[in-house]
Amino acid sequence: RVHLSYHGLDLKRFRPVSKPPANGHPLRILAVGSLLECKGFRHLIEACRLLAARGLDFPATIARGGPLEEGLRGLVSREGLQDRVQLTGFVTEGALVPLYQAADVFVLPAVPEIHWGIPNVLIEALACEIPVVTTPLPSVSELVEHGRTGLLIEEPHPERIASSVESLARDPEMRARMGRQGRARVEQAFDLDRNIEA
């Protein structure tokens, strides 16, 4: 017999906090991960250009550093998004928690051909009741259910990313519902204490 016990998360640290009403403030977009090609962050930056052109009010934060940081900063500048997209550079895990808690949407446009598994950042976002937009990496369907805990896009294409983010931006109730369902899924399968005990 095989018993599957997922890697877990400290759900006492990664937890949602109360927020002001969604209407009336810009959509806060968050991405977290090492700045590597497999994370697809250049596609997210290009999607931000599309969202800005469509008139969406948003700040986007890409947290953590990596070898592509200089190139991504250059892309932000070339796209004229300096006032919209922030790259934080290295941040500690402790500093990440408030970023998750403040976000409205989490985006990981991972490249399926060179990324795999269940990225921990998706678990962290859902634990904080943040709906996610990501690609259907192997095993991701065990965490992210399309239309229930987030939106899955077939490939990390800027147009697909922008359209998914825009649909969440226009529907705060859907975001809240997906966030609650995401937290419930993490509690069910990715609770660190429960999985260690198992």
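The values are calculated or read from the model by the stated rules, or taken from the named source; none is laboratory data. Note that the structure is predicted; figures quoted are calculated from it, not measured. Cβ coordinates were reconstructed from backbone atoms using ideal geometry, including for glycine residues, and neighbour counts include every protein chain displayed. Keep in mind that these areas ignore ligands, DNA and RNA; they rest on the heavy atoms of the full protein, side chains included. Shrake-Rupley method; radii C 1.70, N 1.55, O 1.52, S 1.80 Å.
Rounded to the nearest 10 degrees, the angle from helix 93-102 to the longest Cα principal axis of the chain is 70 degrees. Taking only protein heavy atoms and a 1.4 Å probe, the accessible area of region 35-179 is 50% carbon and sulfur. Distance from the C-alpha centroid of region 55-78 to that of region 133-174: 20 Å, rounded to the whole angstrom. Amide H contacts of Val133: Phe106, Val107, Leu108, Leu151, each under 5 Å away and 5 or more positions distant or on a separate chain (H built 1.01 Å from N in the peptide plane; Pro and chain starts excluded). Dividing the radius of gyration of the alpha carbons in region 20-86 by their Kirkwood radius gives 0.99 for Rg/Rh. Sequence-ordered 3J(HN,Hα) estimates for region 151-161 from the Karplus curve with 6.51, -1.76 and 1.60 and θ = phi - 60° stand at 10, 9, 10, 4, 8, x, 8, x, 5, 5, 4 Hz, glycine and proline given as x. For Gly66, the residues whose amide H sits under 5 Å from its own are Leu35, ignoring neighbours fewer than 5 places away on the same chain, with H placed 1.01 Å from N. Karplus-derived 3J(HN,Hα) values for region 43-58, using 6.51 cos²θ - 1.76 cosθ + 1.60 with θ = phi - 60°, are 5, 5, 4, 5, 5, 5, 4, 5, 5, 5, 5, 7, x, 6, 8, 7 Hz; glycine and proline are entered as x. Going through (1) 19.0; (2) 17.5; (3) 16.8, the figure that equals Kirkwood radius over Cα pairs in Å as computed for the structure here is (3).
Summarising the amide proton neighbourhood of Gln86: residues at separation of 5 or more, or on other chains, whose placed amide H is nearer than 5 Å comprise Ala60, Thr61, Ile62. Note that region 105-121 has calculated 3J(HN,Hα) couplings of 9, 10, 10, 10, x, 4, 8, x, 5, 10, 9, 7, x, 10, x, 4, 5 Hz, one per residue in order, obtained from phi through the Karplus relation 6.51 cos²θ - 1.76 cosθ + 1.60 (θ = phi - 60°); glycine and proline are x.
Per-residue extension of 0.36 nm, minus the Cα-Cα distance of Leu4 and Arg180, leaves a gain of 61.0 nm for this segment. Taking the Cα centre of region 34-176 as reference, the dipole from Cβ charges on Lys and Arg (+1) and Asp and Glu (-1) amounts to some 280 debye.
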